[in-house]
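Engineer: Here's a structure for you.
The values are calculated or read from the model by the stated rules, or taken from the named source; none is laboratory data. This is a predicted model, so every value here is computed, not measured. As a convention, Cβ positions derive from the backbone with ideal geometry for all residues, glycine included, and neighbour counts pool all protein chains shown. Note: accessible area is taken over every heavy atom of the protein model, side chains too, but ligands, DNA and RNA are not part of it. Shrake-Rupley method; radii C 1.70, N 1.55, O 1.52, S 1.80 Å.
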Amino acid sequence: MLQQQRRANWVRNELQERPVWWLMLTGLMLFVLADWFADKWEQRPWRAAIIWTIVMSIVLVVVVTLTEHFGWGIKPIRL
């Protein structure tokens, strides 16, 4: 428990003390990811896989949203 608290404090302190460095690291990671996607997008099978993944993610979000909105979730059995 104490070790988890220390880790959480370390992350919090890092983000507070060096926000610019973390923003630059995040930007670099996003740049690398965008470059990887651009490279894979040129290959036909990867393009289909990327589109499929995006479409299925959207479908999942819509299903979860409708389930929450209409209250269609699984209800516990009351004894």
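Engineer: Could you sort 56, 1 by accessible area so the largest value comes first, with the probe set to 1.4 Å?
Structural biologist: 1, 56
Engineer: If you don't mind, there's one more thing I want to ask. Considering only protein heavy atoms, what is the solvent-accessible area of residue 18 at a probe of 1.4 Å, reported in Å² to the nearest 10?
Structural biologist: Residue 18 exposes around 110 Å² with every protein chain in place.
Engineer: Please arrange 77, 51 by accessible surface area, largest first, computed with a 1.4 Å probe and ligands excluded.
Structural biologist: Result of the area sort, largest leading: 77, 51.
Engineer: Sticking with this structure for a sec: Taking only Cα atoms of the chain, what ratio of Rg to Rh do you get with Rh as the Kirkwood inverse-distance radius?
Structural biologist: A ratio of 1.20.
Engineer: Enter the accessible area of residue 10 (Å², nearest 10), with the probe set to 1.4 Å and all protein chains included.
Structural biologist: 150 Å²
Engineer: Per residue, how many Å² of accessible area does the chain show with a 1.4 Å probe?
Structural biologist: Per-residue accessible area for the chain comes out at 100 Å².
Engineer: Which loop GluC sites (Glu not before Pro) in the chain, with loop taken from DSSP, have no more than 10 other Cβ atoms within 10 angstrom of their Cβ?
Structural biologist: In loop regions of the chain (DSSP not H, G, I, E or B), the sparsely surrounded GluC sites (Glu not before Pro) are 42.
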